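J.: The structure follows.
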Amino acid sequence: MRRREFIVGLGSAAAWPLAAGAQQPEGMRRIGILMPISSEDPTGSERDAVFLRALQERGWIEGRNIRVDRRWAPFEQDLVQKY
């Protein structure tokens with residue numbers, strides 16, 4: 001291996017972590033919601049909408065900077081433990 005190729009390779013290897021770190025997007029926050037009611041229950045939909053609206057007022061937008069994982073477990077202890 002020639003000296004010039006070695007120096008170029010060494011320089012590239014040293015700069016690679018800096019370039020890779022700069023290109024990574026900001027991590028998205030994740031919120032988990034466990035609702036003890038059915039997904040078809042209108043109360044659950046209303047609560048979900050109010051919660052998301054309150055988050056939006058504070059600058060948190062679902063799909064942009066937060067991810068919301070919803071789980072519905074209407075009176076089923078097994079599902080609650082699973083989730």
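Any read-out appearing in this document is the output of simple, stated calculations on the displayed coordinates, not a laboratory observation. Note that the structure is a prediction, hence the values are computed from the model and not measured. Cβ coordinates were reconstructed from backbone atoms using ideal geometry, including for glycine residues, and neighbour counts include every protein chain displayed.
J.: Would you kindly derive the ³J(HN,Hα) couplings of region 28-41 from the backbone phi angles with the Karplus curve 6.51 cos²θ - 1.76 cosθ + 1.60 (θ = phi - 60°), listing them in order in whole Hz, with x for Gly and Pro?
T.: Along region 28-41, the couplings run 8, 6, 10, 10, x, 10, 10, 9, x, 10, 6, 5, 7, 5 Hz.
J.: So which GluC sites (Glu not before Pro) in region 42-83 end up in coil per DSSP with only 15 or fewer other C-beta atoms within 10 Å?
T.: When the GluC sites (Glu not before Pro) of region 42-83 are filtered for loop state and at most 15 Cβ neighbours within 10 Å, GLU76 remain.
J.: Considering only the other residues whose Cβ falls under 10 Å of the Cβ of ILE66, what net charge follows from Lys and Arg at +1 and Asp and Glu at -1?
T.: Charge balance near ILE66 sits at +3.
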